[in-house]
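Just below is one structure, and these are the notes that go with it.
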Amino acid sequence: MSVPLLKIDQLAKSFKGLRAVDGVSIEVPEGKIYALIGPNGAGKTTIFNMIAGVFAPTEGQVLFGGQDITGLRPDQVCQAGIGRTFQVVKPFNDLSVLDNVLVGALRKTPHVDEAREAASTILKQLGLDGKSQQMATNLTLPERKRLEVARALATGPQLLLLDEVMAGLRPTETDEMVTFFRNLNKETGITILLIEHVMRAVMALSERVYVVNYGQLLSQGTPDEVVNDQAVLDCYLGEDAF
Amino acid sequence: MERIFGGVPKRALGLLGLMIASLIIAPAIVNAYVLSVILITLYFAYVGQAWNLMMGYAGQLSLGHTLYVGLGAYTSAALFVHFGISPLIGLFVGMAIAVAAGALIGSMAFRFGIGGVYFALLTIAFAEFTRILFEHFDWVGAMGGFFLPVENRDSSDFLNLRGGPVMFYYVILFLCFAALGVNQWLLRSRLGYYWMAIREDQEAAQAVGINTFRYKMIAVMISAAMTALGGVFIAFYYNNLFPADAFGMHRSIELILAPIIGGMGTLFGPILGAFILTPLGEGLTILMESMGVKAAGVKQLFYGVILLVIIRFVPGGVWPLISKKLGIDKRMKGKSE
């Protein structure tokens, strides 16, 4: 347990001279739920994309289970054991809900029948079993968010990266999701790093919160510490998140 | 077998069986002309299925697919004419060359992230410059064409694919429905699901661990091999090959019409599309001739009109519509409603 499951070290990314992320270091120990918050445009999703292999960092390292995974392709990162959801959901529209998740489950087994069974189980856990034969394109946005989670989970990750999966949910739906992730974490020991604007979820779920602003780490601590940090309040000033 | 037939509704299997049975007895019933129309329909149903794997399922648009037809055709024909090698062996060489060509195009495009329209343009470019290459390739007749010896035989020599129309008819009938079975088998495997995931969203596909480069390459290579086999057939059936015809752009277009009209990304779409399009096109030609009208290109015009109508009113193709009417399980199709 001495080695954190995920460790990003001095990660930086420049887009044509603009430093979107500038020397961010984060550690997530195994079995924990941590959150990454910050105002819009702070660089949270860019950090996620660098972890997930969508693009390589300009500087810095991503270590997963002590292994350097910097610059791997997204599929290799997934194979290494990191599952992710997309902030702008990306369902396989013309496939059924079940097949969407089945595709994810095929990472662990080459057999379609086994993958289908695994997918059904996950859909049940997420309360989407009633929709399994529907085309993904027919789902409502909250359902698509859950589908994103189901598909990522089906790949059997050790670490789950959740990019704003609660955005647009009603408070009761948010609570359901929170309960789901808490139980999942308790039962399977899965490690979660979440980007979230819904503070209700962040406060309820995460043990530790990292705050980024202008591509840099602004603050970190327990949820209570962070929401009482004057620097954090300042960076959010004008936003109604607090 | 389970992976091919399992879960397919009895009704669909029954209809398919009926169709195959009537096609098997067709040579005993219809005249030589009608048989030749069915034969060419089956050919388009076959190559349409090959193209559909790549476009309908893996979502990679090839507009130069006749490249593989031509390579299969020329390779097997040249091996037969120059070295007396049976097309049953030559077809493997032809397929291998087509696969290599597909792999070359695919690796160039997919490695550098060339997709969509640009990938389609690349496939056209390869077909076109292969055509120009063959127009100057004296070993296979260059512009003047390449001819297989035509012998009048009463008996069929299957080993050398020499024989009458009925033999060719059964060969293409077999190929067409073997392709249907192979496709169904592939699409029910991990490969098929990965292809559809790539078609729907590449980024999401990668995020669930799919090596998109590898699976797109597999799609191109399988499709190229299947298409090349169609080329071997057409070379030995027609006995003549011309670069402008074998590699011409119009051939590539002709090849993709059936799956588009029948329904891309559906298993049966290309077959249905071919059975709608080819007989109608031929019928129109006869009609025009009987009326004494000699309008060159009227068939192409007609295909264009049909395409417009389909794209306007049933963009998903005819098969999804019909299968619903017939009450056939949506699982016969790759994507359902």
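The values are calculated or read from the model by the stated rules, or taken from the named source; none is laboratory data. Computed from a prediction, not measured in an experiment: that's the story for all the values here. Positions of Cβ are backbone-derived with ideal geometry, glycine not excepted, and every protein chain shown enters the neighbour counts. Remember, those area values only see protein heavy atoms, side chains included, never the ligands or the DNA or RNA. Shrake-Rupley method; radii C 1.70, N 1.55, O 1.52, S 1.80 Å.
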Item to check | Heavy-atom accessible area, 1.4 Å probe, ligands and nucleic acids excluded: residues of the range A:85-131 down by at least 40 Å² from chain alone | outcome: A:PHE86, A:LYS90, A:PHE92, A:ASP94, A:LEU95, A:VAL103, A:LEU106, A:VAL112
Item to check | For chain B, built as a Gaussian network whose Cα springs stay under 10 Å, the top-fluctuating residue of B:PRO87, B:PRO165, B:PRO243 | outcome: B:PRO165
Item to check | Projected label distance in nm at A:GLN76 and B:ILE132, using a 7 Å step from Cα toward the beta-carbon | outcome: 3.8 nm
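Net charge around B:LEU63, counting only other residues with Cβ within less than 15 Å of its Cβ (Lys, Arg = +1; Asp, Glu = -1)?
Spelling it out: positives minus negatives among the neighbours equals 0.
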Item to check | Count, lysine Cα pairs under 22 Å in chain A, 8 or more residues apart or across chains | outcome: 20
Next on the checklist: Please report the net charge: other residues with Cβ closer than 14 Å to the Cβ of B:GLY17, K and R +1, D and E -1.
Outcome noted: +2
Checklist outcome for this item: Ranked by GNM mean-square fluctuation in chain A (Cα springs under 10 Å), the top entry among A:PRO110, A:PRO91, A:PRO39 is A:PRO110
Checklist outcome for this item: Here the gain from full extension of B:ALA96 to B:LYS324, 0.36 nm per residue of separation minus their alpha-carbon distance, amounts to 78.2 nm
Checklist entry - Antiparallel DSSP bridges in the protein assembly as shown: what percent, to the nearest 5? => result 60 percent
Checklist entry - Counting only residues 5 or more places away or on other chains, whose amide H sits under 5 Å from the amide H of A:VAL21 once H atoms are built in the peptide plane? => result A:LYS13
Item to check | Spatially close lysines, pair count over the range B:2-332: Cα under 29 Å, gap of eight or more or interchain | outcome: 4
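Per residue, how much accessible area does the range B:2-332 have with a 1.4 Å probe, in Å²?
43 Å²
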Checklist entry - Rounded, prolate or oblate: which fits chain B, taking a ≥ b ≥ c as square roots of the Cα gyration tensor eigenvalues, rounded meaning a/c under 1.5, else prolate when a/b beats b/c? => result rounded
Next on the checklist: Going 7 Å from the Cα of B:VAL309 along its beta-carbon direction, which residues of the range B:229-265 have the amide nitrogen within less than 14 Å of the resulting point?
Outcome noted: B:261-262
Checklist entry - How many angstrom separate the Cα center of the range B:192-270 from the Cα center of the range B:37-111? => result 9 Å
Checklist outcome for this item: Nearest-0.05 FRET efficiency for B:GLN300 and B:LYS10 at R0 = 56 Å, using Cβ-Cβ distance, is 0.85
Next on the checklist: Can you tally the net charge around B:THR285? Count Lys and Arg as +1, Asp and Glu as -1, for every other residue whose Cβ sits under 13 Å from the Cβ of B:THR285.
Outcome noted: 0
Checklist entry - Taking only protein heavy atoms and a 1.4 Å probe, what accessible area per residue, in Å², does the range A:6-236 have with all protein chains in place? => result 40 Å²
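Calculate what fraction, in whole %, of the accessible area of the protein assembly as shown sits on carbon and sulfur atoms when a 1.4 Å probe is rolled over the protein chains.
Its accessible area is 60 percent carbon and sulfur atoms.
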Checklist outcome for this item: For A:GLN67 and A:GLU114, extending 7 Å from Cα along the Cα-Cβ vector and measuring point to point gives, in nm, a value of 2.0 nm
Checklist outcome for this item: Checking B:SER290, B:SER107, B:SER252 against a Gaussian network model of chain B (alpha-carbon springs below 10 Å), the top fluctuating residue turns out to be B:SER290
Checklist entry - Roughly how much accessible area, to the nearest 100 Å², goes out of reach of solvent when A and B pair up, both sides summed, probe 1.4 Å? => result 2100 Å²
